[in-house]
1. For residue 443, state whether it is out of contact with any strand residue (DSSP E or B) (no Cβ under 6 Å at 6 or more places or on another chain), outside any helix (DSSP H, G or I), under 26 Å from residue 268 (Cβ atoms) and modelled with pLDDT under 95.
2. Which residues, counting only those in region 429-440, are touching a helix residue (DSSP H, G or I) at 6+ places or on another chain (Cβ under 7 Å), part of a strand (DSSP E or B) and buried (at least 23 other Cβ atoms within 10 Å of the Cβ)?
3. Considering region 65-81 alone, what residues qualify as being in contact with a strand residue (DSSP E or B) (Cβ under 7 Å, 6 or more places away or on another chain), assigned to a loop (DSSP other than H, G, I, E, B) and at pLDDT 95 or above?
4. How about region 477-508: which of its residues are assigned to a loop (DSSP other than H, G, I, E, B), crowded, with 20+ Cβ neighbours inside 10 Å and touching a helix residue (DSSP H, G or I) at 6+ places or on another chain (Cβ under 6 Å)?
5. Determine whether region 166-177 contains at least one residue that is touching a residue at least 24 places away in the same chain (Cβ under 8 Å) and either farther than 30 Å from residue 560 by Cβ or part of a strand (DSSP E or B) (or both).
6. Give all pairs with beta carbons closer than 6 Å in which a residue from region 25-50 that is at pLDDT below 95 meets a residue that is exposed (fewer than 14 other Cβ atoms within 10 Å of the Cβ) and part of a loop (DSSP other than H, G, I, E, B); count only pairs at least 6 apart in sequence or on separate chains.
7. What are the residues in region 515-524 that are in contact with a helix residue (DSSP H, G or I) (Cβ under 8 Å, 6 or more places away or on another chain) and either surrounded by fewer than 24 Cβ atoms within 10 Å (Cβ to Cβ) or assigned to a loop (DSSP other than H, G, I, E, B) (or both), if any?
8. So residue 450 passes all but one of these: (1) touching a strand residue (DSSP E or B) at 6+ places or on another chain (Cβ under 9 Å); (2) at pLDDT 95 or above. Which condition number does it fail?
């Protein structure tokens, strides 16, 4: 009897925490050897571990194996010691030579560790990934517990995940006029028109139009349209922009009827720059920069997010401003004088996300005894206890006040978004005598889509975005189900853009997205025909970010009159 004897091949088990961890790329902080990201012992579901790597999502650990590895083994989990958890878990996966070798579902804090193993035979490069399963990453302290690779020879060699250099691909605008922005605009009968024709090209520039209906004015120096149109209908207009270098023309439609926001709104929102510390001066400064650098490309809205509110008062017992906004009507007037539209924030809850007062109360007087410091830059004192709709509504009073201040846009923020509260606010804005684009936030439910589309112009389909690839991935590639409800006047909102210098719950920092991820981010939002709301500090616009926001051909895809998702 002949036996075939195979040569014995010895292997070595390499604990990965013994390797050089400085090449790990992660969104927050630095990786820890045998400790959690916080610097405390690794602890999961109440049990401590002596060995492992503590990271923070999103994290990437790339290892060169040269085909000499046999198997990867680890436990993965969220560490017990972490900040308040925003998202829907962290996903761990192993990527080998561009393919997913093994992965987990979303793992939440408090869950037991999950085994993650993979056959590495023939794999040359392995990347360990811990990525947000939702939209935020705060608190996503991801642990690789007792991770090992079985090697036939040698040891894994850590290497940096390459980050490409930013390349400006957007051509600079030519000197001749090129009309930009929407090709149609909706206004209700008898309501004031607030819109500007925009164009790139050398200044001075003169705007003109043929076919404007009676009652509409055009400022030839600025392109601002004003006036009112009483008769419903679609008015075909020929727009012209002229300068010393030439002439640009475009067909344009003024649609007088019930529909507003016939193309996705383009503008700026204060939250990801200034959060609850926002001031009137900062918003006015952002409006000036938007007017100087972005308006010519069609960006026309400046929106104040949460934390402008003080107490109730005034002739309507409506929400009044805190001391950071000493003259909100004057601010709106300044925004309008720049040819821009102004937006405001509220909620049907008694207490907003940032701890300020909303559109309801638990008493008929509209008093908020829990509100500790509404006139300070800090959040109020509700601590989230009153983040619910109260029994006494002041939404009618607030809507009247918003219209009198001259606002053109309202972000209405609560969760879960429901159709009855949406309809109440929609009907009040419809009766206000002013066109107020109605934006719902956050995390709309698909089974409410028909009602939300009927009573609003845009609705957030997600939680808060973060400047991570996981959040972009989550938001960008799972929106087809909303397509039947989207079109002119009705938009699925993918949330604010996270390019430039943003805060996203922290101090201002350059976006964590790589340059190519930023390009994909802008491209995907435009393909989805999403509203585009810049979140970064406009005073810190760098050339690369500015190029992303001024690519007129890409913006034209977002502003396509058909309004279909790509």
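1. Taking the combined requirement at face value, the residue satisfies it.
2. 440 - this is the single residue of region 429-440 that is touching a helix residue (DSSP H, G or I) at 6+ places or on another chain (Cβ under 7 Å), part of a strand (DSSP E or B) and buried (at least 23 other Cβ atoms within 10 Å of the Cβ).
3. Matches in region 65-81: 65, 68.
4. Residues satisfying the conditions are 494, 496, 499, 500, 504.
5. No, region 166-177 contains no residue that is touching a residue at least 24 places away in the same chain (Cβ under 8 Å) and either farther than 30 Å from residue 560 by Cβ or part of a strand (DSSP E or B) (or both).
6. 45/112
7. 515, 517, 518, 519, 520, 522, 523, 524 - these are the residues of region 515-524 that are in contact with a helix residue (DSSP H, G or I) (Cβ under 8 Å, 6 or more places away or on another chain) and either surrounded by fewer than 24 Cβ atoms within 10 Å (Cβ to Cβ) or assigned to a loop (DSSP other than H, G, I, E, B) (or both).
8. (1)
The values are calculated or read from the model by the stated rules, or taken from the named source; none is laboratory data. A quick note: this is a predicted structure, and the numbers were derived from the prediction, not measured. Reconstructed Cβ throughout: ideal geometry from the backbone, glycine too, with neighbour counts over all protein chains shown.
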